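In what follows, a single structure is set out as structure tokens and then discussed.
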Amino acid sequence: MRLRGNIEPLPPVKTPGRQTKTQKRFWKVFWRQRYLYAMSLPFVVWVFVFHYVPVWGWTMAFQNYSPGLSFFEQEWVGFQHFIDLFSDERFYRVLRNTFAMAVMGLVAGFTVPIVFALLLNEVRQELFKRTVQTVSYLPHFVSWVVVAGIVTKLLSTSDGMINEGLLALNLVDQPIPFMAKETWFWGIVTLSDLWKEMGWNSIIFLAAMSGVSPELYEAAKADGAGRFRQMWHVTLPGIRSTIIVLLILSIGNLMSIGFERQLLLGNPLVVDYAEVVELYALNYGIGLNRFSFGTAISIFNSVIAMILLFTANYLFKKYSKESVY
Amino acid sequence: MERVQRWTKSTLADQCFYILNYSVLLLVMVVTLFPFLHVLAISLNDSTDTVRGGITIWPREFTLDNYLAVFNHSTLLTGFVNSVLRTVIGTVLGLISGTMLAYTLSRRDFQGRRFVSLFLVLTLYFSGGMIPVYMLIRDLGLMNSFWVYVLPGMVNAFYVFMIRSFIDALPYELQESAKLDGANDFVIYWRVILPLCKPVIATIALFLAVGQWNAWFDTYLYNGSSPHLTTLQYELMKILQSAQTGNEAAMRSADPELAGRVSPDSLKMAITMVTVIPILFVYPFVQRYFIKGMTLGSVKH
């Protein structure tokens, strides 16, 4: 579109003759670029099937969907499923859990990698620095299944390392049932997420730090700033824009915390604190074959996510304008 | 010279800071590595001995029995084969689609460029959600089939844009001169672009492979009733969940093969290591690429 616009500005009136001319030109270029089309169109069709067709499935939320019937035979119920959803007590608990874990994850997953990157940035021995980095990325590449297995193993009451250690140090006289304590679940999820992703999330901050001008450090040093003050007054302000941009982006993704951790780490004892929106959709929608109700949950989730995304986008625009002028 | 100065000129406060900093970072390393070493030690320890407790990061009674049990167990072996297959096929398909789309999108003169690009960008912002996708997979007849592992996730818009920004940074003259030599668009893609894209391809390949290797939810959702399509992660997840609900006895009776030689706990640790070790082998080789790729991708978005 842009390319064609450059050559001939938008025709004011579409005469039939003109149209055939553009059409002819289109097909001529089409033939010349047939390899490019052959390399992209199959995947466009693919994207259409796997990403666009499911959106059509949203209509299910307004029907009493029954798998045997065609689209036109379905019974339409309007917003009934949404009304059911909003009057379900469990739904509010699920929302609370989702928000709590999202916010805890955002706070911990943001501050700790910055601190880690700051500390790493102060290391002058390349070998030590690289070793710490390599080790810290490692858990990112391991699946949540494995992490959940390791976490439950370490926290187990029968032969978990943590309880064995606490017993050996006489800090407790009975093993603590970590995984059975409802109120600890959010903390366990947040900490295991931190363990898994801290190193990985610090990459971007380290990259931003390497862009801070060495002259600023020289100037700070000349003013008598020690390592700590340099960190505070030079490095941190130097990556300020990166921090803000990433923070805004993660606000946009707040609702998409998924359900993997909750499903794998959760157990019947802590379900009141472990169930999140998507897990709720999974259990109701697919588990109980209530497809329409489950879809309504997904739609609600998407709407909230969209609101957050637009808010974040607005903030982003506002902020980046400030940074330019 | 600069480095030397920094050290010699450091004050007492700086010295304290360094000591503190190095200790904290060492602690981070220990905390990160310890769980892996602990699991490794248990997986290499005799399972009846493990029950006595007290294993930290060194096996007390070394044995390979737990690993032998994993590879002698028919379900787990099937899972291993399927995991390898989906990783290889999924990675190759993902790379083909990603590089082809990225190349066509990087061509300024391609007249479908804006449309294709918009079509892809939109997928980053909305999705049908779990249930409509589930219904689609069911309607397409992909349930209880191997293809459900590799087809739904084949095109990833984010990876496409990462590869494209890499191609955009290459000099366009290379393509023009290839064109003058009579190469068609596909030949340019294959002989000019792909060889130059090795770093970004290595990065994306790692991401795709790790994603495939670590996936378990699609097995859970779509192929749970097809034992021949099981994956290693799914088997590990099943054993884990049964252990968590305190159902070890039920698991033993469901899996008599396991009951004999090794305890479920030791077996769990051995499977964990089997799923972790391939990643440990691959990732040091691609590490130098992915840091660059990561920063590039994040800056662009």
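Summary table
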read-out	value
Peptide A:62-69 - average C-beta neighbours from other chains (10 Å radius)	1
Cα gyration tensor category, rounded, prolate or oblate, for the range B:74-224 with a/c compared to 1.5	prolate
Average accessible surface area per residue within chain A, 1.4 Å rolling probe, Å²	52
Amide proton proximity set for A:Gln63, modelled H, under 5 Å, gap of 5+	A:Val77
Highest-first arrangement of A:248-258, B:37-47, where packing means the average Cβ count within 10 Å	B:37-47, A:248-258
The range B:74-224, dipole about Cα centre (Lys/Arg Cβ +1, Asp/Glu Cβ -1), debye to the nearest 20	80
Charge dipole (debye, nearest 20) of the range A:177-325; +1 at Cβ of Lys and Arg, -1 at Cβ of Asp and Glu	280
Principal axis box of the protein assembly as shown, alpha-carbon based, largest edge first, Å	91, 76, 51
Carbon + sulfur, % of accessible area of the range B:74-224 - ligands and nucleic acids excluded, 1.4 Å	66
Residue-averaged beta-carbon neighbours from other chains (10 angstrom radius) around B:143-152	1
Accessible surface, the range B:149-198, averaged per residue in Å² (probe 1.4 Å)	51
Mean Kyte hydropathy of 0.0 or more with a Cα span along the axis of at least 27 Å, helices from DSSP in chain A	A:89-121, A:185-210, A:291-324
Residues losing 50 Å² or more accessible surface upon assembly, the range B:191-240, compared with the chain by itself, 1.4 Å	B:Trp216, B:Leu240
Occluded residues from the range A:219-249, i.e. those whose accessible area drops by 30 Å² or more once the chain is not alone (1.4 Å probe)	A:Lys221, A:Arg227
Positive dipole terminus of the protein assembly as shown, leading residue within A:Leu315, A:Ala281, B:Phe217 (C-beta point charges)	A:Leu315
Accessible area buried between chains A and B, both sides summed, probe 1.4 Å, in Å² to nearest 100	8700
Cut-off under 5 Å, modelled amide H: who pairs with B:Asn45 long-range	B:Thr63
Between the range A:15-77 and the range A:125-151, the Cα center-to-center distance that results, in Å	43
Averaged over B:25-38, number of beta-carbon atoms from partner chains that fall within 10 Å	5
Sulfur and carbon atoms: percent of accessible area, chain A [1.4 Å]	65
Net charge of Cβ neighbours under 14 Å - reference A:Ala108; Lys, Arg +1; Asp, Glu -1	0
Residue order for B:Arg288, B:Arg86 - accessible surface, 1.4 angstrom probe, largest first	B:Arg288, B:Arg86
Mean Cβ count within 10 Å, highest first, over the residues of peptides A:269-276, A:73-80	A:269-276, A:73-80
Dipole magnitude (debye, nearest 20) for the protein assembly as shown, charges at Cβ of Lys, Arg, Asp, Glu	2880
Structure-based [θ]222 nm, chain B - -39500 (n - 2.57) summed over DSSP H runs of at least 4, per residue, nearest 500	-22500 deg cm²/dmol
Mean Cβ count within 10 Å, highest first, over the residues of peptides B:211-219, A:286-294, B:268-276, B:113-121	B:268-276, B:211-219, A:286-294, B:113-121
Cut-off 15 Å between beta-carbons: net charge of the residues surrounding A:Asp272, Lys and Arg +1, Asp and Glu -1	0
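The values are calculated or read from the model by the stated rules, or taken from the named source; none is laboratory data. Worth saying up front: this structure is predicted, and the values here are computed from it rather than measured. Positions of Cβ are backbone-derived with ideal geometry, glycine not excepted, and every protein chain shown enters the neighbour counts. With ligands, DNA and RNA removed, areas are computed over all heavy atoms of the protein, side chains included. Shrake-Rupley method; radii C 1.70, N 1.55, O 1.52, S 1.80 Å.
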